[in-house]
Amino acid sequence: QAAFLDLRWQPIARLTLNAGARADDNADYGTRVIPRAGASYALRIASGAFGDARVHATYGQGIVEPRFDQSFGNDPCYLGNIFLSPEESRTIHAGVDQKLASDRVRISADYFDSEFHNIISFINGPSSTACPFGTGTFFNTNLAHARGANFSGEARITHWLSASANYTYDSTRTLSASADPANLDPNYLPGSRLLRRPVNSGNAMLNAFFLRMNWNLSGYFTGQRFDYNYPGQIINPGYARFDLAASYKVSHGVSFYGRIANLANKQYQEVYGYPALGREFRIGVKYTTRRE
């Protein structure tokens with residue numbers, strides 16, 4: 001069972017405060033209360049070359065309960081662990097938003113600091129006749145953090161052309177691991193980066209709309225990141241991928257669309273050992289109804 005409460009208060013015109021909490025009642029790990037709070041303040045309310053400017057900050061905690069297979073899996077080779085605790089997190093976030101050029105441009109910069117507790121890990125065990133591919137189970141371990149910044153921007157270049165971009169710097173580290181050598185997950189050794197979280201990543205998009213046609217060109221890039229290849233960690237190379245999409249409005253509610261994903265047919269792996277699809281084509285028709 002769970003319940004939540006969310007409150008918002010605006011004591012003055014420029015200041016908005018919010019606070020809330022969620023209570024989870026779980027038969028396995030009992031009752032947990034997860035709070036959060038935030039504030040937003042308008043430094044400047046204006047138009048023209050330098051428009052509205054706003055600062056904001058939030059504090060929040062999070063909780064993720066174990067999956068059923070992690071707690072109650074009955075595979076004799078990969079048994080679940082009924083004593084698992086939920087994963088917990090704490091995040092502090094602060095940033096500023098600025099509008100420019102009569103609200104045609106918006107830029108944002110944010111800082112975040114997160115801690116993760118009781119990360120659910122998997123430990124491999126020896127193989128046997130009954131379990132030729134090995135054995136293993138889940139357990140709680142680790143304290144880790146993630147700190148970094150996010151920069152984003154949007155621009156309406158003309159009435160038919162717009163652009164947006166985003167860049168994230170995310171520095172992660174495992175601070176401590178299980179004290180039991182038998183339950184030491186090689187994915188989370190003290191000092192190592194968290195799995196599949198690149199230090200550098202971002203995206204950019206260009207959108208054009210004219211003569212009933214909408215064109216969208218988007219690009220995504222991801223820097224190298226740590227991944228797992230039994231029995232230890234590896235470095236998964238970074239990649240850049242581009243997508244192109246278009247749609248044409250035939251009449252009210254009817255449109256044709258087409259999309260080419262992975263335009264350059266880039267070979268990459270989001271998760272090591274699972275290659276992503278190559279160039280992909282898709283066309284179709286869309287009909288939308290609107291009920292007044």
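The values are calculated or read from the model by the stated rules, or taken from the named source; none is laboratory data. In this text, all values refer to a predicted model and were calculated from it rather than measured experimentally. Counting neighbours? That spans all protein chains shown, and the Cβs are built from the backbone with ideal geometry, glycine included. Quick note on the areas: whole protein, heavy atoms, side chains included, nothing else; ligands and nucleic acids left out. Shrake-Rupley method; radii C 1.70, N 1.55, O 1.52, S 1.80 Å.
Taking only the Cα atoms of the range 1-119, the ratio Rg/Rh comes out at 1.18, with Rh defined as the Kirkwood radius. Among residues other than ASP227 with Cβ under 12 Å from its Cβ, the summed charge is +3 (Lys and Arg +1, Asp and Glu -1).
For the range 232-289, taking the reciprocal of the average inverse distance between every pair of different Cα atoms yields a Kirkwood hydrodynamic radius of 13.7 Å. Rounded to whole numbers, the Karplus 3J(HN,Hα) couplings from phi for the range 51-59 are x, 4, 10, 9, 10, 8, 8, 9, 10 Hz, using 6.51 cos²θ - 1.76 cosθ + 1.60 with θ = phi - 60°, and x at Gly and Pro. Classify the range 114-183 from the C-alpha gyration tensor, please: rounded if a/c falls under 1.5, else prolate or oblate depending on whether a/b exceeds b/c. It is oblate, given that a/c is not under 1.5 and a/b is not larger than b/c. Across the range 81-88, computed HN-Hα scalar couplings (Karplus, 6.51 cos²θ - 1.76 cosθ + 1.60, θ = phi - 60°) run 10, 6, 9, 5, 9, x, 6, 10 Hz from first to last residue, x flagging Gly and Pro.
As a ratio to 2.2 N^0.38 Å, the alpha-carbon radius of gyration computed for the chain takes the value 1.26.
Its Cα centre serving as origin, the range 243-292 has a Cβ charge dipole (Lys and Arg +1, Asp and Glu -1) of approximately 220 debye.
Taking all protein chains together and rolling a 1.4 Å probe, TYR169 ends up with roughly 100 Å² accessible. Every Cα-Cα pair of the range 51-114 was included, and the share exceeding 13 Å stands at 73 percent. Near SER71: Cβ cut-off under 11 Å, other residues only, Lys/Arg at +1 and Asp/Glu at -1. The net charge is -2.
For TYR228, the residues whose modelled amide H falls within less than 5 Å of its own, excluding neighbours fewer than 5 places apart on the same chain, are ILE234, TYR272.
Spherically averaged projected area of the convex hull of Cα atoms, the range 131-276: 13.1 nm². Set against the 2.2 N^0.38 Å expectation for a compact globular protein, the range 193-289 has a Cα radius of gyration ratio of 1.41. Residues PHE133, PHE50, sorted by accessible area with the largest first, give PHE133, PHE50 [1.4 Å probe; ligands and nucleic acids excluded].
Other residues whose C-beta falls under 13 angstrom from the C-beta of VAL55 contribute a net charge of 0, scoring Lys and Arg +1 and Asp and Glu -1. Accessible surface area normalised per residue over the chain is 62 Å², counting heavy atoms of protein chains with a 1.4 Å rolling probe. Couplings 3J(HN,Hα) of the range 2-19, computed from phi: 8, 8, 9, 9, 10, 10, 9, 9, 10, x, 9, 4, 8, 10, 10, 10, 9, 8 Hz, in residue order, whole Hz [Karplus 6.51 cos²θ - 1.76 cosθ + 1.60, θ = phi - 60°; x for Gly and Pro]. Surface composition of the range 81-216: carbon and sulfur make up 61 percent of the accessible area, probe 1.4 Å. Computed across the range 114-155, the Kirkwood hydrodynamic radius from all distinct Cα-Cα pairs reaches 13.8 Å.
Relative to the Cα centre, the charge distribution of the chain, modelled as +1 at Lys and Arg Cβ and -1 at Asp and Glu Cβ, gives a dipole magnitude of about 1520 debye. Scaling against 2.2 N^0.38 Å puts the C-alpha radius of gyration of the range 63-162 at 1.81.
Can you tell me what percent of all Cα-Cα pairs in the range 80-135 are more than 17 Å apart? When every Cα pair of the range 80-135 is considered, 68 percent fall beyond 17 Å.
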